[in-house]
1. Please identify the pairs in which a residue from the range 83-94 that is touching a residue at least 40 places away in the same chain (Cβ under 8 Å) and under 16 Å from residue 125 (Cβ atoms) has its Cβ atom under 9 Å from the Cβ atom of a residue that is near the ligand (Cβ under 8 Å from one of its atoms) and among the polar types (S, T, N, Q), counting only partners at least 6 apart or on another chain.
2. Go through the range 152-169 and give me each residue that's at pLDDT below 95 and either aliphatic (A, V, I, L, M) or in a loop (DSSP other than H, G, I, E, B) (or both).
3. Which numbered condition in (1) out of contact with any strand residue (DSSP E or B) (no Cβ under 8 Å at 6 or more places or on another chain); (2) farther than 20 Å from residue 155 by Cα is the only one that residue 179 fails?
4. Can you pull out every residue in the range 49-69 that is within 13 Å of the chain's Cα centre (by Cα) and crowded, with 22+ Cβ neighbours inside 10 Å?
5. Count, please, the residues in the range 6-25 that happen to be farther than 14 Å from residue 232 by Cβ and among the charged types (D, E, K, R).
6. Anything in the range 23-42 that is within 8 Å of the ligand (Cβ to nearest atom) and surrounded by fewer than 23 Cβ atoms within 10 Å (Cβ to Cβ)? List them, or say none.
7. Check off (1) without any contact (Cβ under 8 Å) to a residue 60 or more places away in the chain; (2) surrounded by 14 or more Cβ atoms within 10 Å (Cβ to Cβ); (3) in a helix (DSSP H, G or I) for residue 119 and give me the number that stays unchecked.
8. Quick one: in the range 1-20, which of the residues that are in a loop (DSSP other than H, G, I, E, B) and away from the ligand (no atom under 11 Å from the Cβ) is nearest to residue 159 (Cα to Cα)?
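The values are calculated or read from the model by the stated rules, or taken from the named source; none is laboratory data. Every value quoted in this text rests on a predicted model; they were computed, and no experiment measured them. Quick reminder, even Gly has a Cβ in these numbers, built from the backbone with ideal geometry, and neighbours come from all protein chains shown.
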Amino acid sequence: MDWDKFALIYDWEFDLICDYQKQDINFWERFAQKYGNNLLELGAGSGRVTLPLVKKGYNIYALDNSAKMLELLKIHSISIENGGELNMVQANMADFSLNRFFDAVIVSYSSLQHLTAYPDITNCLACIYRHLRPKGMVAFDLDPDVLSFPDTMPERQVYSGCNNQLKAQVTLFTSWFTDEKVRHWNDRYLLEYDDQHQEEFHNHIVLKALYLNEMLSMLTAAGFRITDIAGGFEGENFNEKSERMLITAQKKG
Ligand SMILES: C[S@@+](CC[C@H](N)C(=O)[O-])C[C@H]1O[C@@H](n2cnc3c(N)ncnc32)[C@H](O)[C@@H]1O
């Protein structure tokens, strides 16, 4: 996926269509309050989760592999006064080495599921383990319904909205197909600018379906003890209808 291109739209689109997901901030604030001051966030993006925590005084290393998303995070962070320390790292969450230990690691909004190969996921868990202090904590916010019916979908419009920053009407069309537990969305963005010119770009998003049992096995094999499983940001029980799959685990030893 080309996160660099999508970065231009990400925050605006999130605000427009992701009403439920916005409630994750409370979850991460409670997580940070309970588990420590020095945090690492993987797939931090433009700082949607990172910045409210920095504002509250937490020190955060924000890791992302998109230069553009980190550039936006930097711009958004400029207005913060008297917050915690923010460090940005451009790296692959499946293979990073920061030479420091953290109290806790945050993997928000399905970010782990952008790794579509199992070896990358287990490498990511190993990297998290190596960067946690003894008994440090990690939590993952995962989409439990990546493979929702049907397996393939011809192109259809998702939304059309006015983006004041871009001075354009943005219309998103999407289609998808599914291959080996990975859903591929082909998103087509049509930008109709106020000065009448038009532009189009395509974005390929992939997410891997990860089931509770396999996550628990991979985490246990990587040296973690599961401490909590929830189906929503307020700690709802996890079941087959849950909106989210929130797994919290502790580094053993
Ligand atoms: C769904 S966004 C989440 C952004 C932010 N955490 C939020 O909750 O709004 C996923 C982020 O993961 C990043 N990402 C995807 N694959 C990655 C990888 N292999 N290593 C590091 N970051 C990655 C993308 O650049 C993007 O910023």
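1. Pairs found: 93/65; 93/111.
2. 164, 165, 166, 167, 168, listed by residue number.
3. Every listed condition holds for residue 179 apart from (2).
4. Passing the criteria: 49, 50, 62, 63, 64, 66, 69.
5. 3
6. Across the range 23-42, the qualifying residue is only 24.
7. With (1) without any contact (Cβ under 8 Å) to a residue 60 or more places away in the chain; (2) surrounded by 14 or more Cβ atoms within 10 Å (Cβ to Cβ); (3) in a helix (DSSP H, G or I) applied to residue 119, the lone miss is (2).
8. Looking at the filtered set, the residue picked out is 19.
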